[in-house]
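Have a look at the structure below, then the notes.
The values are calculated or read from the model by the stated rules, or taken from the named source; none is laboratory data. Predicted model, so just to flag it, every value in this text is computed and none were measured. Counting neighbours? That spans all protein chains shown, and the Cβs are built from the backbone with ideal geometry, glycine included.
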There are 2 protein chains.
Amino acid sequence: MIIALDVMGGDKGPREMIQGALSALDKVSAEIMLIGDRRTIDGILKEYGAGNPRIKCTYTSQVIENEDKPVQAIKSKRDSSMVVGFDLLKKKEIDAFISAGNTGALLAGGLLRLGRIRGIDRPSLATVYPMTGKMGILTDAGANAEVKPRNYLEFAMMSSLYAQRVLGIRDPKVGLVNIGVEKNKGTPLLVETYELLEASDVNFIGNIEGRDIPLGVADIALADGFTGNVILKVTEGVAKSITDHLKTMFMKNPATRLAALLVRGGLGDFKKTMDYTEYGGAPLLGLKGAVVKAHGSSNQKAIMNALVYAQKYLDSGVIEAIEAYVKKRSEAADEA
Amino acid sequence: MIIALDVMGGDKGPREMIQGALSALDKVSAEIMLIGDRRTIDGILKEYGAGNPRIKCTYTSQVIENEDKPVQAIKSKRDSSMVVGFDLLKKKEIDAFISAGNTGALLAGGLLRLGRIRGIDRPSLATVYPMTGKMGILTDAGANAEVKPRNYLEFAMMSSLYAQRVLGIRDPKVGLVNIGVEKNKGTPLLVETYELLEASDVNFIGNIEGRDIPLGVADIALADGFTGNVILKVTEGVAKSITDHLKTMFMKNPATRLAALLVRGGLGDFKKTMDYTEYGGAPLLGLKGAVVKAHGSSNQKAIMNALVYAQKYLDSGVIEAIEAYVKKRSEAADEA
């Protein structure tokens, strides 16, 4: 098994990516392929000592930037780390591809170079989201700014299989993010989506409000990619704002520093819960291969965990389960 | 000056509303009018002793419920506390109207019974939002699930005047909530809105991401009412989830309880920052009169603060400033 990493994506630069890959060697059994600029990769690898036989490299000459227009970048930058990653995945020369780069380009590349699972209309980014007392899923976390009712249904189905197999939640509860819990709330599109979900075989618990997401009323918070991305980032911002406040509070004087010492266990748990670098990457569910988006500002630890999650994702057989589900659904439709 | 309160709105019931009104008597100079069911109001007032001459009552026989369809409810329940409130405001028998009831109905009532400021297309809910080290504004916080570019511009202009006059921010920075900071990010509608804001005279700083909102990158976070409502409620949920975690952490054993004692000042500040009941209500900017939405789950303290904010809002002359701005804009357009 080979998991490939786009060394050129991410805000923190190639060094952080490569350090993450090296620290993942102890945590995954897969081989790790670094994709990116030869001089950069070789230079950094050299600094960290002799080559590890489980580290492979594929060299590329182009980079897709955050400012690039997604579709155009995928079409014109054929020797970019991202496009090459998709091509290797398509040819099955690698088993999974991780990138912390431009989300739009990753989606475009997934659609144009790799392709969707037959029967799936749009792929969805499914991210692990910390909820009171458990881990849940937020989807779509930013792949599709605008979605149709049937897309919501597909996102719900795919993330249910992911939550079952990767998070071990037996019958994940799906909540539709809305501005009120009543059935008739929100835009006409959401009202239609509600009806579609209600009639489906996902474990739909109805509308949920923003407040219900972190409190874990559902296991899966279902939203369009615009709303999902805003939810994820607001959560990060609020957590950061509160963490900063607590830091100032505990560093104020000797007495408060003593207080920090007395609750250090609980503070450690809190820090860990709020630390997105613990959660690794988010798969683009619905693509033909395992494509994992890491946070744009991923540090070494986040990349290490993205590699760990990518292996879990492969081992869990989610992609095959989605394929089987869609096949069964289309056979049932043919019979009807 | 008379500020009226819809006693029948809100999840906590009339007692909480009336207690809030009574505790506001020391904080505002205005008279307070209670609008609602006669037996309920008289019964509760009687419990709290002899009448205060600054408390007035207007009795109504109907109630608009959370489940009611907004426009239909406003049209059919003519003797509801909400419709009567709007009618009194329109006749200038009261100066401001506060309700913690159905947001959709409050918007519908504002449009149908009171009316918009001439030249304003849609009113917007502008709520005070805690940002690191300061207070800012989030708008639209839930009045309009779908909006057009010109609406965003109006929301930005109106909330800038509100931030200047009520929060004392001299030249409030407006950020457009989006899923990336680059100019071309988001839906076509947001790209168009960006251009409109860039060409306007509001202090537009460009797109902001969810994370930037609580961190206070802008003073005003500008969003459609769907996204704004989700942002507000996710923020509440994350704050509640973290607060619950901290409570458990500090209550664990004698040592952690000592820690809580050592940082009680900082914890108090934190609790206050995160407590929406401190921020009073959110005005529906763009209506002809002062209409203030209180949080659905407002307790006594939240209602008291909503009354305090309503008086500030009236005293600050925001409505007149919006009228003057729109008039000047239309005169400038006539000359051009």
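Given the conditions (1) in a loop (DSSP other than H, G, I, E, B); (2) facing chain B (nearest Cβ under 9 Å), which single one is not true for A:Lys183?
The failed condition is (2).
What residue, among those in region A:135-172 that are of a type in the set (Asp, Glu) and in a loop (DSSP other than H, G, I, E, B), is farthest from A:Glu278 (Cα to Cα)? Break it down stepwise before answering.
First, pick out the residues of region A:135-172 that are of a type in the set (Asp, Glu): A:140, A:146, A:154, A:171.
From what's left, in a loop (DSSP other than H, G, I, E, B): A:140, A:146, A:171.
Working: A:Asp140: 20, A:Glu146: 29, A:Asp171: 24 Å.
Among them, the one singled out is A:Glu146.
Please tell me if A:Ala100 is touching a Ser or Thr at 6+ places or on another chain (Cβ under 9 Å) and within 23 Å of A:Glu278 (Cβ to Cβ). Talk me through it step by step, then tell me what you get.
On the way: touching a Ser or Thr at 6+ places or on another chain (Cβ under 9 Å): yes; within 23 Å of A:Glu278 (Cβ to Cβ): yes.
Here the answer is yes, as A:Ala100 does meet what is asked.
Any idea which of (1) of a type outside the set (Asp, Glu); (2) more than 10 Å from chain A (Cβ to nearest Cβ); (3) buried (at least 24 other Cβ atoms within 10 Å of the Cβ) is the one B:Gln164 doesn't satisfy?
With respect to (1) of a type outside the set (Asp, Glu); (2) more than 10 Å from chain A (Cβ to nearest Cβ); (3) buried (at least 24 other Cβ atoms within 10 Å of the Cβ), B:Gln164 is out only on (3).
Which one is farthest from the chain's Cα centre (by Cα), of the residues in region B:167-180 that are within 14 Å of chain A (Cβ to nearest Cβ) and not polar (S, T, N, Q)?
Of region B:167-180, the ones within 14 Å of chain A (Cβ to nearest Cβ) are B:175-180.
Within this subset, residues satisfying the condition of being not polar (S, T, N, Q) are B:175-177, B:179-180.
Numbers: B:Gly175: 19, B:Leu176: 19, B:Val177: 19, B:Ile179: 25, B:Gly180: 27 Å.
Filtering region B:167-180 for residues that are within 14 Å of chain A (Cβ to nearest Cβ) and not polar (S, T, N, Q), the one farthest from the chain's Cα centre (by Cα) comes out as B:Gly180.
Somewhere in region B:299-321, is a residue at pLDDT below 90 and in contact with a Gly (Cβ under 9 Å, 6 or more places away or on another chain)? It would help to see each step written out before you state the result.
Here is the first cut: in region B:299-321, the residues at pLDDT below 90 are none.
No, the conditions are met nowhere in region B:299-321.
Got a sec? Which of A:Ala199, A:Ala221 is within 14 Å of chain B (Cβ to nearest Cβ) and either aliphatic (A, V, I, L, M) or more than 28 Å from A:Leu107 (Cα to Cα) (or both)? Walk me through it before giving the result.
Details: A:Ala199 fails: within 14 Å of chain B (Cβ to nearest Cβ).
It is A:Ala221.
Checking the structure you have, find out if any residue of region B:52-68 is within 18 Å of the chain's Cα centre (by Cα), surrounded by 15 or more Cβ atoms within 10 Å (Cβ to Cβ), farther than 30 Å from B:Gly206 by Cα and not β-branched (Val, Ile, Thr). Spell out the reasoning first.
Filtering region B:52-68 down to residues within 18 Å of the chain's Cα centre (by Cα) leaves B:66.
Now restrict to residues that are surrounded by 15 or more Cβ atoms within 10 Å (Cβ to Cβ): B:66.
Adding the requirement that they be farther than 30 Å from B:Gly206 by Cα leaves B:66.
In the following step, the residues that additionally are not β-branched (Val, Ile, Thr) were identified as B:66.
Looking for residues that are within 18 Å of the chain's Cα centre (by Cα), surrounded by 15 or more Cβ atoms within 10 Å (Cβ to Cβ), farther than 30 Å from B:Gly206 by Cα and not β-branched (Val, Ile, Thr), one finds at least one in region B:52-68, hence yes.
Considering each of B:Gly115, B:Gly85 in turn, give the residue that is more than 22 Å from B:Gly296 (Cβ to Cβ) and touching a residue at least 12 places away in the same chain (Cβ under 8 Å). Please lay out each step first, then the result.
Values: B:Gly85 fails: more than 22 Å from B:Gly296 (Cβ to Cβ).
Result of the check over B:Gly115, B:Gly85: B:Gly115.
Give all pairs with beta carbons closer than 9 Å in which a residue from region A:26-37 that is in the same structural domain as A:Ser61 (by TED's automatic domain parsing) and free of Cβ contacts under 8 Å to residues at least 40 places away in the same chain meets a residue that is part of a strand (DSSP E or B) and of a type in the set (Lys, Arg); count only pairs at least 6 apart in sequence or on separate chains.
Pairs found: A:Glu31/A:Lys56; A:Leu34/A:Lys56.
Tell me, which residue of region A:268-289 that is closer than 21 Å to A:Lys12 by Cβ and in contact (Cβ under 8 Å) with a residue 60 or more places away in the chain is surrounded by the most Cβ atoms within 10 Å (Cβ to Cβ)? Spell out how you get there, then give the answer.
Start the filter on region A:268-289 by keeping residues that are closer than 21 Å to A:Lys12 by Cβ, which leaves A:271-272, A:274-282.
If we keep only those that are in contact (Cβ under 8 Å) with a residue 60 or more places away in the chain too, we end up with A:274, A:279-282.
Values: A:Met274: 20, A:Tyr279: 17, A:Gly280: 27, A:Gly281: 27, A:Ala282: 30.
The selected residue is A:Ala282.
When region B:281-327 is examined, which residues are found to be more than 14 Å from every other protein chain (Cβ to nearest Cβ) and charged (D, E, K, R)?
Of the residues in region B:281-327, the ones more than 14 Å from every other protein chain (Cβ to nearest Cβ) are B:281-292, B:294, B:298-327.
Within region B:281-327, B:Lys288, B:Lys301, B:Lys312, B:Asp315, B:Glu320, B:Glu323, B:Lys327 qualify.
In region B:118-134, which residue that is assigned to a strand (DSSP E or B) and among the small types (Gly, Ala, Ser) is surrounded by the fewest Cβ atoms within 10 Å (Cβ to Cβ)?
The initial filter retains those residues of region B:118-134 that are assigned to a strand (DSSP E or B), namely B:124-131, B:134.
Now narrow it down to the ones that are among the small types (Gly, Ala, Ser): B:124, B:126.
Details: B:Ser124: 32, B:Ala126: 29.
My answer is B:Ala126.
Which ones in region A:190-235 are charged (D, E, K, R), under 23 Å from the mean Cα position of the chain (by Cα) and surrounded by fewer than 20 Cβ atoms within 10 Å (Cβ to Cβ)? Outline the logic, then answer.
First, pick out the residues of region A:190-235 that are charged (D, E, K, R): A:192, A:195, A:198, A:201, A:209, A:211-212, A:219, A:224, A:233.
Subset that is under 23 Å from the mean Cα position of the chain (by Cα): A:209, A:211-212, A:219, A:224, A:233.
Once the filter is applied, which keeps residues that are charged (D, E, K, R), under 23 Å from the mean Cα position of the chain (by Cα) and surrounded by fewer than 20 Cβ atoms within 10 Å (Cβ to Cβ), region A:190-235 yields nothing.
Where residues in region A:113-140 are small (Gly, Ala, Ser) and closer than 15 Å to A:Leu167 by Cβ, which of them is farthest from the other protein chains (Cβ to nearest Cβ)? Walk me through how you get there before you give the answer.
First, the residues of region A:113-140 that are small (Gly, Ala, Ser): A:115, A:119, A:124, A:126, A:133, A:136.
Filter once more, keeping what is closer than 15 Å to A:Leu167 by Cβ: A:126, A:133, A:136.
On the way: A:Ala126: 16, A:Gly133: 9, A:Gly136: 12 Å.
Residue satisfying both the conditions and the ranking: A:Ala126.
If I filter region A:21-41 for residues that are surrounded by 23 or more Cβ atoms within 10 Å (Cβ to Cβ), modelled with pLDDT of 95 or more and within 29 Å of B:Asn184 (Cβ to Cβ), do I get at least one hit?
Checking region A:21-41: at least one residue is surrounded by 23 or more Cβ atoms within 10 Å (Cβ to Cβ), modelled with pLDDT of 95 or more and within 29 Å of B:Asn184 (Cβ to Cβ).
Search region B:164-179 for residues that are in contact (Cβ under 8 Å) with a residue 12 or more places away in the chain and not assigned by TED's automatic domain parsing to the domain that holds B:Leu196 and pair each with any residue that is surrounded by 19 or more Cβ atoms within 10 Å (Cβ to Cβ) and among the basic types (Lys, Arg) when their beta-carbon atoms are under 8 Å apart and the residues are at least 6 apart or on different chains.
Within 8 Å, no pair qualifies.
Give the residues of region A:133-146 that are in contact with an Asp or Glu (Cβ under 6 Å, 6 or more places away or on another chain) and farther than 18 Å from A:Gly210 by Cβ, sorted by residue number.
Listed by number, the list is empty, since nothing qualifies.
Looking only at region B:202-239, count how many residues are farther than 18 Å from B:Val147 by Cβ, of a type in the set (D, E, K, R) and touching a residue at least 24 places away in the same chain (Cβ under 8 Å).
Of the residues in that region, 4 qualify.
When residues of region A:36-70 are filtered for being in contact with a Leu (Cβ under 7 Å, 6 or more places away or on another chain) and of a type in the set (A, V, I, L, M), how many remain?
Within region A:36-70, residues that are in contact with a Leu (Cβ under 7 Å, 6 or more places away or on another chain) and of a type in the set (A, V, I, L, M) number 2.
Check A:Gly49 against each of (1) of a type in the set (Gly, Ala, Ser); (2) buried (at least 20 other Cβ atoms within 10 Å of the Cβ); (3) more than 28 Å from B:Gly180 (Cβ to Cβ) and name the one condition it does not meet.
A:Gly49 satisfies all of (1) of a type in the set (Gly, Ala, Ser); (2) buried (at least 20 other Cβ atoms within 10 Å of the Cβ); (3) more than 28 Å from B:Gly180 (Cβ to Cβ) except (2).
Looking only at region A:235-280, which residues are within 9 Å of chain B (Cβ to nearest Cβ) and touching a strand residue (DSSP E or B) at 6+ places or on another chain (Cβ under 8 Å)?
Hits for region A:235-280 are A:Thr235, A:Ser241, A:Thr273, A:Met274.
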